[in-house]
Structure formats: structure tokens, C-alpha cells
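Chemist: Here it is: the structure, laid out below.
The values are calculated or read from the model by the stated rules, or taken from the named source; none is laboratory data. What you see is a predicted model; the values in this text were computed from it and never measured. Note that we place each Cβ from the backbone using ideal geometry, even for glycine, and neighbour counts take in every protein chain shown. Surface accessibility is based on the protein's heavy atoms, side chains included, excluding ligands, DNA and RNA. Shrake-Rupley method; radii C 1.70, N 1.55, O 1.52, S 1.80 Å.
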Amino acid sequence: MKAKFTEEQIGRVIDNREREQVHAWTVAVVYKGEVITPVVARCYMGRSASASAVYASVWISDKKHHVRAGSGMAGGYGYHKESAAVGEALHRAGVRLYGSPYADTEKGETTKRLCSISGVGEEAIRTALVAVVRALGYSGPVKIIS
């Protein structure tokens, strides 16, 4: 999977103070001898026992400290809502994914086809976040803290 940035950002990060954080991914990389975290994604749910919608927010910071941010939401039943919400948040932050949602880019894989991680699962989220870090120009080892 590869990520590319568009000029257009559709959204902003929504206020999640009234919701419980249910998952977070912080992507760390070494840059100029320091550990930095250029990408952070978080998922939230309502506090009631009957809450089913998942909300996601992402923050992406490039080497010049310009920040892109977006948020997404997924509701309903029968699919992986966290990946759907994170996928929408990335889209709203101006990120387009290409290739396969199921694996890192492999030799011979086409990366010309738009890719959606919506409903695919947590591994697709992790792969997409690494693709975003690579698109930002970071080439060192990547560690995802979740």
C-alpha cells in the first residue's frame, strides 16, 4: 500500500471529549537522531452501553511541522468499524491510499488502484499509517505503539 497527499482536506477533527477512547495508534520513527511521532490515530465510542458508532481522528505532521487532520465515523453492525472510521478520517485529511489493503507493497503489486481500508481490520489501519509515514519522506524503521 502507498499513500499520497492531495491538496484538498475535507474536514477537521471533531471534539471527542464526550466519548471514551477505545484504541489509539502512535507511529514513531527516528529522524535526525530523535524519535518523533508524525502520525497519530485514535478511535472513540460513546459512553452509553448501547453505543455502536465509532469515531476516529488522525493527525499527520510533516517535516516542516505542517499538520493535516481529519475525522471520520462508522456505525452499524457486521464489519470492522474502527478501520472504516480511520479510513474516512485519512480521506478527510487529504490522504489517498493505493494498492492492496491487505499487505505492504510487494514486488509486482499495482499501486495505481485506489484502496479503501474501510471494514478491512486493524492490520489495514497499521499498514495505512506506515504508508502515510513513508509518504511524508521518513525512511527509517517505524514502530507503531497501540
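Chemist: Might you tell me the accessible area per residue for the chain, computed with a 1.4 Å probe and given in Å²?
Modeler: Value for the chain: 55 Å² per residue.
Chemist: Run through the range 1-49 and list the GluC sites (Glu not before Pro) located in a DSSP loop whose Cβ has at most 14 other Cβ atoms within 10 Å.
Modeler: Answer in residue order: E7, E8, E18.
Chemist: Please list the non-local residues whose amide H lies under 5 Å from the amide H of V22, H modeled 1.01 Å from N, same-chain partners needing a gap of 5 or more.
Modeler: Sorted by chain and number, the residues that satisfy this are C43, Y44, M45.
Chemist: Ignoring ligands, DNA and RNA, what percent of the 1.4 Å accessible area of the chain is carbon and sulfur?
Modeler: That fraction is 49 percent.
Chemist: Once you keep just the Cα pairs under 8 angstrom separated by 6 or more residues, what percentage relative contact order results for the chain?
Modeler: 30
Chemist: Same structure again: Filter the chymotrypsin sites (Phe, Trp or Tyr not before Pro) in the range 2-97 to those in DSSP coil with at most 13 other Cβ atoms within 10 Å of their Cβ, and list the result.
Modeler: Y77, Y79
Chemist: Another question, then. If you look for lysine pairs in the chain that are eight or more places apart or on different chains, how many of them have Cα atoms under 18 Å apart?
Modeler: 10
Chemist: Does anyone have the angle between helix 122-135 and the longest principal axis of the chain? Alpha-carbon axes, 0 to 90°, nearest 10?
Modeler: 40
Chemist: How large is ³J(HN,Hα) for each residue in the range 13-28, as worked out from phi by the Karplus curve 6.51 cos²θ - 1.76 cosθ + 1.60 (θ = phi - 60°), to whole Hz, x for Gly and Pro?
Modeler: After applying 6.51 cos²θ - 1.76 cosθ + 1.60, I find 7, 7, 7, 10, 5, 8, 10, 8, 6, 10, 6, 8, 10, 10, 9, 10 Hz.
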